Amino acid sequence: MEAIVYLNGEYLPASQAKVSVFDHSFLYGDGCFETIIVRQGRPFRLDEHITRLFRSATVLRIRIPLAPEALAAAVLETVRRNGFQDAYTRITLSRGEGYASADPRLAEKATLVIIAYDLGGHPAERFTSKGPGMRCIIASTRRTPPVCVEPRLKANNYLNQIFARMEAVAAGVDDAIMLDIANFVTETPSRNIFVVRDGKLLTPRAHNVLNGITREVVMDLAQKNGWPVAEADLTAYDLYTADEVLTTSTAGGIKAIVEVDGRPIGNGQKGPITRALGEQYEAMLVS
Ligand code: PMP
């Protein structure tokens, strides 16, 4: 069966869901998006994702053509029409179709797309907290500073992160850790980072990274477990000397980083706090 896609108010077979070649997200990356995970038919933190999308749209001054509740319903309806139980969904909002000039006034009507993938067919490790842990490098590509493009804006232009990802691929490792222009740790191209030391969790400051929804969940979970959490300016030294380093994301869950720049983290295995948080998080997804 062909996938069903939501496009500007209609549910269409994927082959008929076409976006204009004059669309400003295609031409300039002008827009924003969200990804939401659905487990056993239930979306995880859907309202938080919708709120973040509306905030991104506010910053970009793009009007979302649906109210938040209607947008949430459209996400669920897209999943339902595809018949998926476990899905990865994405809402994409674009400035819309317009004249080929990077002037936002020339695209008057936003384009709104919702797609869903069946997670049933994907290797479990990639989309869950399972797995042994990732080997990483610190990328030479720096995370865009907030004075240029605000990292809390989940924009449709991911070149900054893609450059870092290309470095990881070239180095033959799983992911890349990006520093900011002052040498402080930010995030990987698609995951927030936590450092664990002496039973405490530290994570880069909110203005310097995407305000990850899984990051928030982990901060709450850690506190419930009695592990204090704080935001901090972290450097490569803090990564190399940590007991554990873990990452959080909607798509990948909670994953350990077991090596950074050839240095094993802790004993080089997924640590007990990462393991416990991963198990608790996976249980939350289906509860
Ligand atoms: N940072 C970046 C740059 C991302 O793209 C993502 C994935 N959305 C994350 C962090 C993790 O955020 P979340 O937990 O909301 O998926």
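The values are calculated or read from the model by the stated rules, or taken from the named source; none is laboratory data. Being a predicted model, the structure only gives us computed values, none of them experimental. Positions of Cβ are generated from backbone atoms using ideal geometry, with glycine treated the same way; all protein chains shown enter the neighbour counts.
Below is a table of values for the structure above.
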| item | result |
| --- | --- |
| Residue list for region 6-50, filter: under 30 Å from Val149 (Cα atoms) and assigned to a strand (DSSP E or B) | Tyr6, Leu7, Asp23, Gly31, Cys32, Phe33, Glu34, Thr35, Ile36, Ile37, Val38, Pro43 |
| Every residue from region 233-287 that is polar (S, T, N, Q) and either crowded, with 16+ Cβ neighbours inside 10 Å or within 19 Å of the chain's Cα centre (by Cα) (or both) | Thr247, Thr248, Ser249, Thr250, Thr274, Gln280 |
| Checking Val229 against (1) surrounded by fewer than 22 Cβ atoms within 10 Å (Cβ to Cβ); (2) of a type in the set (Val, Ile, Thr); (3) within 14 Å of the ligand (Cβ to nearest atom); (4) without any contact (Cβ under 8 Å) to a residue 40 or more places away in the chain, the condition it does not meet | (3) |
| Region 201-218 - residue that is surrounded by fewer than 19 Cβ atoms within 10 Å (Cβ to Cβ) and part of a helix (DSSP H, G or I) and, of those, modelled with the highest pLDDT | Glu216 |
| Enumerated strands (runs of 3 or more DSSP E) restricted to region 81-152, each holding at least 1 residues that are under 30 Å from Tyr11 (Cβ atoms) | 87-94, 111-118 |
| Of residues in region 1-44 being of a type in the set (Val, Ile, Thr) and in contact (Cβ under 8 Å) with a residue 60 or more places away in the chain, the one farthest from Phe84 (Cα to Cα) | Val19 |
| Unmet requirement for Val147, which otherwise passes all of (1) under 30 Å from Asp23 (Cα atoms); (2) within 16 Å of the ligand (Cβ to nearest atom); (3) β-branched (Val, Ile, Thr) | (2) |
